[in-house]
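Remarks on the structure that follows.
The values are calculated or read from the model by the stated rules, or taken from the named source; none is laboratory data. Computed from a predicted structure; not experimentally measured. Glycine gets a Cβ as well: all are built from the backbone with ideal geometry, and neighbour counts include every protein chain shown. With ligands, DNA and RNA removed, areas are computed over all heavy atoms of the protein, side chains included. Shrake-Rupley method; radii C 1.70, N 1.55, O 1.52, S 1.80 Å.
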Amino acid sequence: MAFEGLADRLQNTIQRIKGKGKVTEQDVKEMTREVRLALLEADVNFKVVKQFINKIKERAVGQEIMESLTPGQQVIKVVKEELTNLMGGEQSKIAVADRPPTVIMMVGLQGAGKTTTTGKLANLLRKKQNRNPLLVAADIYRPAAINQLQTLGKQLNMPVFSLGTEVSPVEIANQAIEQAKAEHHDYVIIDTAGRLHVDSDLMEELTQIKENVKPDEIFLVVDAMTGQDAVNVAESFNEQLDITGVVLTKLDGDTRGGAALSIKAVTDTPIKFAGMGEKLTDLEAFHPERMASRILGMGDVLSLIEKA
Amino acid sequence: SKTRGSFSSKINDLVARYRKVDEDFFEDLEEILISADVGVTTVMDLIDELKMEVKRRNIKDSNDVKEVISEKLVDIYYGEDDETIEDLNIHHDGLNIVLFVGVNGVGKTTTIGKLAHRLKNEGKKVVLAAGDTFRAGAIEQLEVWGERVGVEVIKHSEGSDPAAVIFDGIQAAKSRGADVLLCDTAGRLQNKVNLMNELSKVKRVIEREVPGAPHEVLLVLDATTGQNAMSQAKTFSESTNVTGIVLSKLDGTAKGGIVLAIRNELDIPVKFVGLGEKVDDLQQFDPNAFVYGLFADMLEE
Ligand SMILES: Nc1nc2c(ncn2[C@@H]2O[C@H](COP(=O)(O)OP(=O)(O)OP(=O)(O)O)[C@@H](O)[C@H]2O)c(=O)[nH]1
Ligand SMILES: Nc1nc2c(ncn2[C@@H]2O[C@H](COP(=O)(O)OP(=O)(O)OP(=O)(O)O)[C@@H](O)[C@H]2O)c(=O)[nH]1
Ligand SMILES: [Mg+2]
Ligand SMILES: [Mg+2]
């Protein structure tokens, strides 16, 4: 059954080895089999799963007994610790440029949530840090993309810089920085068009913008529902742009969000924020530990450990 | 049928590249299918069945194993049906209504633009209804598509009741003597109960106004989506009785393999695939090309 939690999956195996003094290699093999399934069902990339399982095996085989935990509990503990480690600590800080404005560039596949997140970030910067951002409409391709950002600007009562759809995104970005300086905006957030990581022309356009405006942050916006392809996407964007952080969107859904782990594994950049809804207030700091539980389907790890 | 036949022969060609069908082969097959998002349960069931079949029939020759593989894959997609499952259920007389549903950002509005273009080229009179009254710029986006394709867009202002827009869309389509009304709706995640109820309400309005409508309820799935697409298909089907899938964004590197499992478990066929952002980037679904695509990487080696 798809979407069965790791906790449920491990239940049987745990029952069997309950009370054993030592975790044998065979025990670990059986358990890691279940962990592998749980991770794959959560959309963690299969290559990442492989590496991860090997690490777990190393740590779990023949480990000494802790008084308070059964072998089964220990394996779960190891898995969760490793997963949390892999995803890094909480890092929701946004860079500050030595000389304002600080420039943030939003990039990603079509429909990932860049434009919405642009609005959310602006809102967060103003509310939490009392900043005064300028939003930049650099998507000249998607029908009504500028209109969408302007509507968000209106909702936030914040200015949106636009030169229409006839000027190149590179030029739009350049002029936006000039305007931000002139009007003393301390942040500039550039909303770019969605594009495929394999579209070399459009990827080159991003490189051009980057070289021109020298952004302090490049956020890759990724849909939390993304499947196995997340590694390819994240790898390409990172190789071509050196992203500085990831925003995971649509985490208010019921996806396990294993893409988070894949992206972290291949880019080694922090996941900084999580999109939790369509409203402009629905952006949160990313919590690695919660994400680890979610990927494993371990909403209730503690009760599992008690049961084991 | 013809499609079925050519489908099996394609797969045979493919498997023929592997001289030996051993554990390595099955491991490769498993990885290829999992990395295409087919889903681990479906893949493991398939591979177990294959291995069992090989044992049962005491197959030694790898060529015979290949045949079994193609049979199984064909079965997963086609089941009892024939190839007509890909056709759109559009009648020649009277107004046809197509309702578009799906989670946020998958490509609903864009697909409506592309499908309007396609239907118009087939000589049909098409009207669009801007049923997404929620997302910033959604109405304007559909209007741009309407202009691009040259079809009328019925709209209300942002924030108004989507069911009311669709109602007006139906009246307008009737009075203009349109052949097809394509209804856009706001993206919504399937675990939002209120939003799913809102969608059921929209569908009820359509049912009430035109007997036999909606003729199609198309769920748009983003090919980049992983296993969550199954949950999307289940929940949207429960609230709107989905009749077909549009698999968008297949022009990227994602394979959208989850539609195999969806077809297998929920019996919902894929009708169209989206291959880009331009008006003619919509194609009727071709299972041969699709399954071939799943294995493309295996072939390149
Ligand atoms: N539920 C939910 N919806 C979101 C979230 N973030 C964005 N969305 C929705 O996802 C859809 C796409 O968002 P956009 O901001 O337009 O995405 P984009 O990346 O700018 O899209 P393109 O410019 O077309 O590439 C919209 O319907 C948004 O309302 C989120 O965190 N949760
Ligand atoms: N590459 C590619 N992009 C696509 C395809 N279909 C849609 N898109 C892009 O995906 C993004 C989202 O498309 P929309 O049509 O706005 O999606 P939607 O489902 O209506 O989104 P919401 O109304 O916000 O839920 C846009 O940038 C589209 O241009 C496709 O087949 N291939
Ligand atoms: Mg956008
Ligand atoms: Mg839309």
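Here are the numbers for the structure shown:
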quantity: Mean residue ellipticity (222 nm) of the protein assembly as shown, computed from DSSP H runs ≥ 4 via -39,500 (n - 2.57), nearest 500; calculated: -16000 deg cm²/dmol
quantity: Residue-averaged beta-carbon neighbours from other chains (10 angstrom radius) around B:105-117; calculated: 2
quantity: Amide proton proximity set for A:Phe161, modelled H, under 5 Å, gap of 5+; calculated: A:Leu135, A:Val136, A:Ala137
quantity: Lysines with Cα under 19 Å of B:Lys201, excluding same-chain neighbours fewer than 8 positions away; calculated: B:Lys108, B:Lys155, B:Lys192, B:Lys234
quantity: Which of A:Ala182, A:Thr255, A:Thr192, positive extreme of dipole for the stretch A:166-288 (C-beta unit charges); calculated: A:Thr255
quantity: Computed lengthening from A:Glu178 to A:Lys128, 0.36 nm per intervening residue step minus Cα-Cα distance; calculated: 15.5 nm
quantity: Evaluated over the protein assembly as shown, the Cα radius of gyration and Dmax, each in Å; calculated: 25.3, 80
quantity: Accessible surface, 1.4 Å probe, highest first, among residues A:His197, B:His91; calculated: B:His91, A:His197
quantity: Dimensions (Å) - chain A, Cα atoms, principal axes, largest first; calculated: 71, 38, 35
quantity: Rounded accessible area of A:Val231 (nearest 10 Å², 1.4 Å probe); calculated: 10
quantity: Estimated buried accessible area (total), pair B and A, 1.4 Å, Å² to nearest 100; calculated: 3300
quantity: For q = 0.08, 0.13 Å⁻¹, Debye-computed log10 I/I(0) when each Cα of chain B counts as one equal scatterer; calculated: -0.38, -0.88
quantity: Accessible-area value, B:Arg263, 1.4 Å probe, nucleic acids and ligands omitted, Å²; calculated: 10
quantity: Calculated from backbone phi, Karplus (6.51, -1.76, 1.60) coupling profile of the stretch A:175-180 in Hz, x at Gly/Pro; calculated: 5, 4, 4, 4, 5, 4
quantity: Accessible surface, the protein assembly as shown, averaged per residue in Å² (probe 1.4 Å); calculated: 41
quantity: Efficiency of FRET between A:Glu289 and B:Glu27 - r from beta-carbon atoms, R0 51 angstrom, step 0.05; calculated: 0.95
quantity: For residues of A:226-236, the mean tally of beta carbons on other chains within 10 Å; calculated: 6
quantity: Debye log10 I(q)/I(0) at q = 0.15, 0.16, 0.21 Å⁻¹ for the stretch B:146-273, Cα point scatterers; calculated: -0.80, -0.89, -1.29
quantity: Carbon/sulfur fraction of accessible area - the stretch B:208-255, other protein chains in place, 1.4 Å, %; calculated: 48
quantity: Vicinal HN-Hα couplings computed from phi for the stretch A:159-167 (Karplus, 6.51 cos²θ - 1.76 cosθ + 1.60; Hz; Gly/Pro x); calculated: x, 10, 8, 8, 10, x, 9, 9, 9
quantity: Under-5 Å amide H pairs with A:Asp223, H placed in peptide plane, nonlocal only; calculated: A:Thr249
quantity: Sequence-distant residues sharing a close amide H with A:Gln228 (under 5 Å, placed H); calculated: B:Asp37
quantity: Burial ranking of peptide ranges A:24-32, B:142-150 (average Cβ count within 10 Å, highest at the top); calculated: B:142-150, A:24-32
quantity: Beta bridge orientation in the protein assembly as shown: antiparallel %, DSSP, nearest 5; calculated: 10
quantity: For B:Ser175, solvent-accessible area (1.4 Å; no DNA, RNA or ligand), Å²; calculated: 90
quantity: Förster radius 25 Å - calculated FRET efficiency between B:Arg148 and A:Lys279, Cβ distance, rounded to 0.05; calculated: 0.25
quantity: Pairwise Lys count, the stretch A:196-307 - Cα closer than 30 Å, eight or more residues apart or different chains; calculated: 13
quantity: Shielding by partners, peptide B:270-281 (average Cβ within 10 angstrom, other chains); calculated: 1
